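Structure, as structure tokens:
The values are calculated or read from the model by the stated rules, or taken from the named source; none is laboratory data. All figures in this text were calculated on a predicted structure; none of them were measured in a lab. Here the Cβ is made from the backbone with ideal geometry for all residues, glycine too, and neighbour counts use every protein chain on show.
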Amino acid sequence: APVVGTIIGAVVGFLGGIVGGATIGKLKDKLKDFPGGILGAGVALTTLGLALPMALIRMMAFPVQIFPIVMGGMFAKQAKTATDISFLVSPKGVGGGDAGELPTWDPTIPIPEGCPNGMPVQGGTITQGPFAVGCSHEKYEAMDFGVAMMTPITATHDGAAITGEGPGAGKYVAIKSMCEGKEVISFYYHLWDWAFSGEKQVKRGEVIGRADDTGRSEGSHLHYQLRGTTKPIEYYLGLTKSYKGCCIDNGIPCQ
């Protein structure tokens, strides 16, 4: 409504300026008939003096009135984008753990079919465990593996994979599947590149990218994160002990 009013006002002001100009054109005729000429000239000048400034004010106000509408559309688009990728942020407690006591599990129980199973990278060193207070995993069921650049990264389960890139994760791959009747997602952050681009069905053990330190990272490593699982991440990695809370950057060794 403000935009329509502005456009109408600008048109009216412009037409008023034309009328005022036409009136000035008759000044000579009006001035021949004094004092009627003086009165006509006054009317003409008053019309022009009011119409032109009003038109200019309306035209100048148009960008100001349209700006909130344009910006509103931009922020709405950004909000939609944020909503679309919200699944990339794993909330506290998701993944079968939390920030409380050390988790326990029975490593002799086979990992169910369809669930993440095994290591996403061979070799390397665990540099941070899940829910590491004071470190980047404080709220996440995730593990960091320090590895050399270009080290191959493999999928830990079959599923629908997608590639992406963000300021924190850098280049990443996310894989979605069903595990024990629930939807689970595994994430692989800070990659140098991808083995594919876009969306693809991948198989467990398939190379999906190579390690690096893209995004918010201070060295070449893989950030591996799970969402939607019911047991600690170590169980799905095939580990027999908990690495919860360890963070070498905070002086807590991961051994």
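One table, with the values for the structure above:
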read-out	value
Where F196 falls short, out of the listed (1) in a strand (DSSP E or B); (2) over 14 Å from D158 (Cβ atoms); (3) not β-branched (V, I, T)	(1)
Matching residues in segment 132-161 - criterion: being touching a helix residue (DSSP H, G or I) at 6+ places or on another chain (Cβ under 9 Å), at pLDDT 90 or above and hydroxyl-bearing (S, T, Y)	T156
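Residue-by-condition table, conditions (1) assigned to a strand (DSSP E or B); (2) surrounded by fewer than 24 Cβ atoms within 10 Å (Cβ to Cβ); (3) modelled with pLDDT of 95 or more:
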site	(1), (2), (3)
P130	no, no, no
G168	no, yes, no
M178	yes, yes, yes
E183	yes, yes, yes
S186	yes, no, yes
R216	no, yes, no
L226	yes, no, yes
T229	no, yes, no
